[in-house]
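Engineer: This is the structure I have questions about; it appears just below.
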């Protein structure tokens, strides 16, 4: 099936590539793709294109990679050239997904139907750069995708469509990312079809209540503070999978944690269930946060500020992420050893 609605697409990573692929597969003409400049990646730090650029080139779509679209920014000449190309490109609507560059008003006003953004949260919850990570880290029970009509604010535009996705006790950022990418791709194709048919999209303003901001993830946040509650640390581990990972120091070595559960406090879940460090009834003496309480083939039990964390997947320096049984074969641990609260502790 082919369509007449011309779509300029702006996006960079894999999340955005899902949407571009769906728009292209649905038959909408895409006369231009905007994506961020290639970035150094890998051990050789070679310039590497993002997922959107790779898809665009594989499918013969025109690509532009301006470092900025702001005439008053750091790259005014590059921005002017990009704006000139946009003005010369036939376009009815622009679709934006995880682009990574701010769109000035001059760009927002170029397409006849404006700019539609695919945002990975149920707005106004988690506006900003890292909505997927922050939703898991905060313990939200649900996430989702909001399709909105962009305005000059940061994720403040009126909402066109939403769809929720549950967050469970095993949901990682990687898994939620993939689920939301699929949802976003479906929502945008359906919206473009409605726009082409009716000539307009109904939208409603975001609520004033419940606004939160998802700050960009910093590598410094990867360090586990064992003084925190075990459930909070378990969420941190899931939220930071695959990036930046959750880590701690043991005898000078950095160990990453990829899968863990807070102890449920019942005998049904294994011999460590219900253990509280320092509780005489547990049979364990008081243990400082970060102390290894037991080492088993299925889990490593570590004392936290409150509760016990049962770690089931780890990674040693220079190694791969492995189930505990395989990890222990190459990295011996024993009860009483202590992971430091932070790399500096």
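The values are calculated or read from the model by the stated rules, or taken from the named source; none is laboratory data. Here the structure is a predicted model, which means the values were calculated and not measured. In this analysis, Cβ positions are derived from the backbone assuming ideal geometry, glycine residues included, and neighbour counts consider all displayed protein chains.
Engineer: Is it the case that some residue within the stretch 52-59 is modelled with pLDDT of 95 or more, farther than 25 Å from residue 217 by Cα and in a loop (DSSP other than H, G, I, E, B)?
Structural biologist: Yes; the residues of the stretch 52-59 include at least one that is modelled with pLDDT of 95 or more, farther than 25 Å from residue 217 by Cα and in a loop (DSSP other than H, G, I, E, B).
Engineer: Go through (1) surrounded by fewer than 23 Cβ atoms within 10 Å (Cβ to Cβ); (2) assigned by TED's automatic domain parsing to the domain that holds residue 86; (3) over 18 Å from residue 60 (Cβ atoms) and name the single condition residue 18 misses.
Structural biologist: (1)
Engineer: I would also like to ask the following. Of all residues in the stretch 1-15 being in a loop (DSSP other than H, G, I, E, B) and in contact with a helix residue (DSSP H, G or I) (Cβ under 9 Å, 6 or more places away or on another chain), which is surrounded by the most Cβ atoms within 10 Å (Cβ to Cβ)? Quick ask: steps written out before the conclusion?
Structural biologist: To start, the set of residues in the stretch 1-15 that are in a loop (DSSP other than H, G, I, E, B) comprises 1-6, 12-13.
In the following step, the residues that additionally are in contact with a helix residue (DSSP H, G or I) (Cβ under 9 Å, 6 or more places away or on another chain) were identified as 3-5, 12-13.
On the way: 3: 18, 4: 9, 5: 18, 12: 23, 13: 18.
Across the stretch 1-15, the extreme among qualifying residues is 12.
Engineer: Got at least one residue in the stretch 71-80 being free of Cβ contacts under 8 Å to residues at least 40 places away in the same chain, assigned by TED's automatic domain parsing to the domain that holds residue 116 and within 25 Å of residue 189 (Cα to Cα)? Give the derivation first.
Structural biologist: Quick first cut of the stretch 71-80, residues free of Cβ contacts under 8 Å to residues at least 40 places away in the same chain only: 71-80.
Cutting the leftovers down to assigned by TED's automatic domain parsing to the domain that holds residue 116 gives us 71-80.
With within 25 Å of residue 189 (Cα to Cα) added as a condition, the list becomes none.
No, the stretch 71-80 contains no residue that is free of Cβ contacts under 8 Å to residues at least 40 places away in the same chain, assigned by TED's automatic domain parsing to the domain that holds residue 116 and within 25 Å of residue 189 (Cα to Cα).
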